[in-house]
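Peer 1: Got a structure for you, written out below as structure tokens; questions coming shortly.
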Amino acid sequence: MKNILLAAALIAVASPAAAGESGYRYLQVVSPSQSIQAAIDRAAEGGWILVLPGTYRETADATNGLNITRGVNLVGLSTPRKKVVLENSGSQRNGIVAVPAAHTDCMSCHASMAPPFELLPGVDAGAMSDLPVIHDLSISGITIKDFTNNGLFTRNVDGFKFIDVHSVGNKNYGIFPTLSQNGLIAHSSATGANDSGIWVETSYNVDVIHNLVEGNVNGFEVSNSEEIRLAHNEARGNTVGMAILFLPDIFEERSDSRRITVLNNHVHDNNKPNTARPGSILSTVPSGTGILYLGVDDSVISKNVVNDHDFVGIGVVDYCAVVAGGPFDCLVDPDITPGFLLDNAATNNQIVENMVVDNGINVDPANPFAFAASDLALITDGDNRNCYQDNLFATFFSTLGILPVCR
């Protein structure tokens, strides 16, 4: 595929860029002496922007390196030795932001693009999903480096492919689609985030396959989403390898987290100290966790290898059970609504055919849940139809006293 695109690039260099009647261009090639943003601005819907290897520091926007407001194909022609790198040009907060033109830099909705993404007064969180949609966006072959908030952020995209995209040192989130659907994140990586390396939030029908996350707080995070598949990934050296969550603060945007499949991943050695923003709920999560299912329903964890975590290999827990007594207690947290309370339990999950070994043997005694250190942990009020079958493990903790068997 890259050879075909390179040939197209050479043809495009030798001839004028194809343009439609509107003047927008369908094929463009960008070299390190040129601006990627200028090419994006000229691109037709569905147009191709081929970026030659080199380091790019875009200066058109003080907040974002690149802004995308319509469906395009942004292709970095990276090779094993020569990469396409988008670097922070100074004090920019985000590397690539793809959102509908109605709020190009998201600042018409948010007071800040730093977590927790506080909305401006009068903005209805529930109305965010009603914004216009970008259709068919692809980004590939690009390394995004050293932005103070996010590497690649998208909102309201239907049909996206992020392939061979690498987030390095973007401090909050690496690759972060939200309120999006019908997507693929593949053969990509994220490192150096003080929150989540790859985070799928309030989204539907997304495949996350063949990726590597390391050196983040959460390696992978999926929250308040449905029909998400994480397969053939590796998570290592994070605080938590995979955090699959149902959260109250985004309940209005999507009111469940279910049908999330975690299959054939290698999740190991996620014992990094927790460097999340102080006061955030993530800062309360103990280090040394492999896969965490928090309040998630109707999901499957299968055929994974989960090993060498100080605290827990695979944990399935009710939301309110694990925040009790702290600042996010369901009885005091203002984000907790009656609807969220009704669905905070982890329900109807299957944990089958996993190899879960050498976990829970070096737990921090200051961890308030140190008593649950084990390969498999179940902390729920009732079995809630969660079940276990054909796992290889040595230790478990369960508030039920057993791990219910799948029938």
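The values are calculated or read from the model by the stated rules, or taken from the named source; none is laboratory data. Remember, predicted model here, so these are calculated numbers, not experimental data. Every residue, glycine as well, gets a Cβ built from its backbone with ideal geometry; the counts of neighbours run over all protein chains shown. These accessible areas exclude ligands, DNA and RNA; they are computed on the full protein's heavy atoms, side chains included. Shrake-Rupley method; radii C 1.70, N 1.55, O 1.52, S 1.80 Å.
Peer 1: I'd like the residue in the range 78-94 that is in contact with a strand residue (DSSP E or B) (Cβ under 6 Å, 6 or more places away or on another chain) and assigned to a loop (DSSP other than H, G, I, E, B) and, out of all such residues, is least open to solvent (accessible area, probe 1.4 Å).
Peer 2: So the first thing to find is which residues in the range 78-94 are in contact with a strand residue (DSSP E or B) (Cβ under 6 Å, 6 or more places away or on another chain), and the list is 78, 83-87, 92, 94.
Still in the running and assigned to a loop (DSSP other than H, G, I, E, B): 78, 83, 92.
On the way: SER78: 20, LYS83: 96, GLN92: 3 Å².
Filtering the range 78-94 for residues that are in contact with a strand residue (DSSP E or B) (Cβ under 6 Å, 6 or more places away or on another chain) and assigned to a loop (DSSP other than H, G, I, E, B), the one least open to solvent (accessible area, probe 1.4 Å) comes out as GLN92.
Peer 1: Tell me, which residue of the range 375-400 that is outside any loop (DSSP other than H, G, I, E, B) and open to solvent by 70 Å² or more (accessible area, probe 1.4 Å) is farthest from VAL267 (Cα to Cα)?
Peer 2: Looking at the filtered set, the residue picked out is PHE396.
Rundown of residues vs (1) closer than 16 Å to SER257 by Cβ; (2) touching a residue at least 60 places away in the same chain (Cβ under 8 Å), yes/no style:
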{"residue": "ARG277", "(1), (2)": "no, yes"}
{"residue": "ILE281", "(1), (2)": "yes, no"}
{"residue": "LYS303", "(1), (2)": "no, no"}
{"residue": "VAL317", "(1), (2)": "yes, yes"}
{"residue": "VAL332", "(1), (2)": "no, no"}
{"residue": "THR347", "(1), (2)": "yes, no"}
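Peer 1: Then there is this: Among the residues of the range 151-171, write down those that are closer than 20 Å to ASN233 by Cβ and open to solvent by less than 10 Å² (accessible area, probe 1.4 Å).
Peer 2: Matches in the range 151-171: GLY151, LEU152, THR154, PHE160, PHE162, VAL165, SER167, ASN170.
Peer 1: Which condition number in (1) crowded, with 16+ Cβ neighbours inside 10 Å; (2) in a helix (DSSP H, G or I) is the one that LEU403 fails?
Peer 2: Failed condition: (2).
Condition check ((1) polar (S, T, N, Q); (2) touching an Asp or Glu at 6+ places or on another chain (Cβ under 7 Å); (3) closer than 15 Å to ALA243 by Cα; (4) open to solvent by 10 Å² or more (accessible area, probe 1.4 Å)) across all residues:
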position	(1), (2), (3), (4)
HIS187	no, yes, no, yes
ASP195	no, no, yes, yes
TRP199	no, yes, yes, yes
THR202	yes, yes, yes, no
ASP207	no, no, no, yes
VAL217	no, yes, yes, no
SER225	yes, yes, yes, no
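Peer 1: Now, a different point. Return yes or no: is ALA243 assigned to a strand (DSSP E or B) and either open to solvent by less than 50 Å² (accessible area, probe 1.4 Å) or acidic (Asp, Glu) (or both)?
Peer 2: Spelling it out, ALA243 is indeed assigned to a strand (DSSP E or B) and either open to solvent by less than 50 Å² (accessible area, probe 1.4 Å) or acidic (Asp, Glu) (or both).
Peer 1: A further question follows. Within the range 344-371, take every residue that is of a type in the set (Gly, Ala, Ser) and under 27 Å from the mean Cα position of the chain (by Cα) and give me the one that is farthest from VAL300 (Cα to Cα).
Peer 2: Step one: list which residues in the range 344-371 are of a type in the set (Gly, Ala, Ser), which gives 345-346, 360, 366, 370.
Still in the running and under 27 Å from the mean Cα position of the chain (by Cα): 345-346, 360.
Numbers: ALA345: 16, ALA346: 12, GLY360: 22 Å.
Ranking the qualifying residues of the range 344-371, first place goes to GLY360.
Peer 1: Same structure again: Within the range 58-77, which residues are open to solvent by 40 Å² or more (accessible area, probe 1.4 Å) and either in contact with a helix residue (DSSP H, G or I) (Cβ under 9 Å, 6 or more places away or on another chain) or of a type in the set (S, T, N, Q) (or both)? Can you show your working first?
Peer 2: First, the residues of the range 58-77 that are open to solvent by 40 Å² or more (accessible area, probe 1.4 Å): 59-60, 62, 69-70.
Once the filter is applied, which keeps residues that are open to solvent by 40 Å² or more (accessible area, probe 1.4 Å) and either in contact with a helix residue (DSSP H, G or I) (Cβ under 9 Å, 6 or more places away or on another chain) or of a type in the set (S, T, N, Q) (or both), the range 58-77 yields THR59, ALA60, THR69, ARG70.
Peer 1: Given the structure, is ASP164 at pLDDT 95 or above and among the acidic types (Asp, Glu)? If you could, list the steps in order and put the result at the bottom.
Peer 2: Details: at pLDDT 95 or above: yes; among the acidic types (Asp, Glu): yes.
The answer is yes for ASP164.
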